[in-house]
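Everything on this sheet refers to the single structure shown next.
The values are calculated or read from the model by the stated rules, or taken from the named source; none is laboratory data. Model, not experiment: these values are computed from the prediction. Cβ sites come from the backbone with ideal geometry, for glycine too, and all protein chains shown count toward neighbours.
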Amino acid sequence: MRISLYILFAIFLLLYTSFSFSQDTLNRYRISFTDKSNTPFAISSPSDFLSPKAIARRTNQGIAIVQNDLPIDPAYVDSIRGYGVLVLNKSKWFNSIVVYSSDSVLIDSLQQLGFVKGIDIIGKQVPANITVPEKGGLPNDKWLLESVQPIPTMTQITGNEYGQAYNQISMLGGDILHSLGYRGQGMTIAVIDAGFRDVDTNPAFDSLFDKGQVLGTWDFVDGNDSVYDNGQHGLWVFSIIAANIPGLIVGTAPKANYFLLRSEDTNSEYLIEEDNWVSAAEFADSAGVDLISTSLGYKTFTDPSQNHTYADMDGNTTRISLGADIAASKGILVINSAGNSGGSSWQYIIAPADGDSVLAVGAVDGQGNYASFSSTGPSSDGEIKPNVVGQGQGTVTITEMGLTQSGNGTSFAAPVIAGMAACLWQAVPDATNMEIFNAIQESGSQANAPDNFLGYGIPNFMMAYYNLTGIAQDKDEDNDGVPDIIDKCLGTPYPAVVDTFGCSLGFEIYEFLNIIENPIGNSLSYLYYSETHREFVFEILDLSGRCLREINVSFDAESYRNISVPNLDDLSQGIYVLRISSGEKSGSRKLMKK
């Protein structure tokens, strides 16, 4: 496996994990401690337990290092281990450990230790009279996708870098943000899921491994670094963010760095999985991630006595929601799927989507309509949930064979948003996690009237970018007919644009896209002047990415040229995409056909 680890990676593994095991048949307990009074770690020496990037994240956002950052007192852990129990995972945020023991009498005796605050059962053997169904058939409202189907029209894709994934990105203005050069470079994302089968050999991720973008892996279920031999769900989710096969599928943040962490045990459902997730989030924090993307959620369990109620969905009750909010307090942007309970009697979002600092993502279809399976809000304490929505119906993912398929589920909407959030934060690096959170919400299609189905609506990441940078997209203070963003580039260097493709070519494409009439009729025609010799390709695509018209135009230097796309009368009324490219540079916008 081609994995690049942080220098402190081994230290983190010692802090958070111990031994290899199978959790299917374990009796598992959470032991909480009273204090950290004698821990050898100190707030004044954070480099002993946090990576430089984790410290920098706190420093940049003005976040203090506090007691819950300190690792658990190792003497307490060693003492518990000395009784013969197996330590599975640890949580410094909650000052607790998760252990296995088949001796319930021993567990009762541990309760008498002076430094033990309490012991809870969070996992046990599956009773003989309960059959745990295979994945895809669970009767509860887990993170599972609704369906996955092969796409039969891959050979029809032409002239589109994103392939069939175009719509789920362009719906958010993500292709425009990408065209400015923001594809996640320098950002680190932890994807916490149920396994990432064959990601290390799938061609969709070759460029990531070749460039060392997968920084590390850990399995908090089985206690090892092997996450590539488990379920497919993480593969599908990860491909939405990170796949990079131009013309077939490109993710929302293909140039970001990643940690792939497994916390979900697909063989049963117990509260321990929430503890696993917290341990994974703590590891991600210590390793210095900027974002956590999770397509997991919890409501009902194999042991009904552990079930959550709607009243628990207040962001302040479940272990995983509390942990997610703590992660956000450390400066991490936490993004989670809302759940697939919209069509059920439960209906509501599930933990940790209820966290008030968690950006919960619901699902829409390719036309931006509410997907009926998407969990609704509000949280039980009245917070708007989901916060925003992305395409979660007909979302394109990679397969184990390196082909594409479409699937349904808020599991797929969350990584679409997460990857674009990473690109937005890359573009505005001085912003805090919650400023990014709020900018995404405020750019939503129904930000002025949020509801319990779509929340603040479909985000526009270019609008969020303009708002965060203080640049109005159409503002023209000098009344010269040219938006100030263009004046800024043509007059004074504007690094976000200039460093990517230079003003001249970039804004010729920008102007093309913005002066064209919209909606269009049965033809498209306009006159344009080019200062230099240029070769352009104009394409009209349908929302599946299929090219319906293609026109090649060559400009001589300092010349006018009429650009015409005739005979559009055979296109039915609806939404299409105009894509303009020159060499490796391109831009696109939606067009409405009258």
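For this structure, a couple of remarks:
- Any pair with Cβ under 8 angstrom, 6 or more apart, that starts in segment 182-199 at a residue that is closer than 20 Å to Asp290 by Cβ and ends at one that is of a type in the set (Asp, Glu) and crowded, with 22+ Cβ neighbours inside 10 Å: Met187/Asp290; Thr188/Asp290; Ile189/Asp290; Asp193/Glu264
- Residue under evaluation Ser32, criteria (1) surrounded by fewer than 20 Cβ atoms within 10 Å (Cβ to Cβ); (2) closer than 20 Å to Trp277 by Cβ; (3) under 28 Å from the mean Cα position of the chain (by Cα), criterion not met: (3)
- Candidate set from segment 545-585 (those that are under 17 Å from Gln164 (Cβ atoms) and either of a type in the set (A, V, I, L, M, F, W, C) or surrounded by 19 or more Cβ atoms within 10 Å (Cβ to Cβ) (or both)); member that is modelled with the lowest pLDDT: Gly545
- Residues of segment 68-80 satisfying the condition of being within 18 Å of Ser279 (Cβ to Cβ) and of a type outside the set (D, E, K, R): Asn68, Leu70, Pro71, Ile72, Pro74, Tyr76, Val77, Ile80
- Considering Ile249, Ile272, Ile245, the condition of being within 22 Å of Met401 (Cα to Cα), more than 17 Å from the chain's Cα centre (by Cα) and not small (Gly, Ala, Ser) is satisfied by Ile245 alone.
- For segment 239-276, the set of residues classified as polar (S, T, N, Q), closer than 18 Å to Leu208 by Cβ and part of a loop (DSSP other than H, G, I, E, B) consists of Thr252 only.
- Selection of segment 64-80 for residues being touching a residue at least 24 places away in the same chain (Cβ under 8 Å) and either surrounded by fewer than 16 Cβ atoms within 10 Å (Cβ to Cβ) or part of a helix (DSSP H, G or I) (or both) yields Gln67, Asn68, Asp69, Pro74, Ala75, Tyr76, Ser79, Ile80.
- The criterion of being at pLDDT below 95, buried (at least 19 other Cβ atoms within 10 Å of the Cβ), aliphatic (A, V, I, L, M) and under 14 Å from Arg30 (Cβ atoms) does not hold for Ile107.
- Verdict on Asp354 being charged (D, E, K, R) and closer than 26 Å to Tyr310 by Cβ: yes
- When Ser344, Ser374, Ser357 are checked against the criterion of being under 16 Å from the mean Cα position of the chain (by Cα) and not aliphatic (A, V, I, L, M), Ser357 stands alone in meeting it.
- Considered as a group, the residues in segment 195-238 that are in a helix (DSSP H, G or I) and charged (D, E, K, R) include one that is surrounded by the fewest Cβ atoms within 10 Å (Cβ to Cβ), and that residue is Asp210.
- Some residue of segment 48-58 being buried (at least 16 other Cβ atoms within 10 Å of the Cβ), of a type in the set (Lys, Arg) and not in a helix (DSSP H, G or I): no
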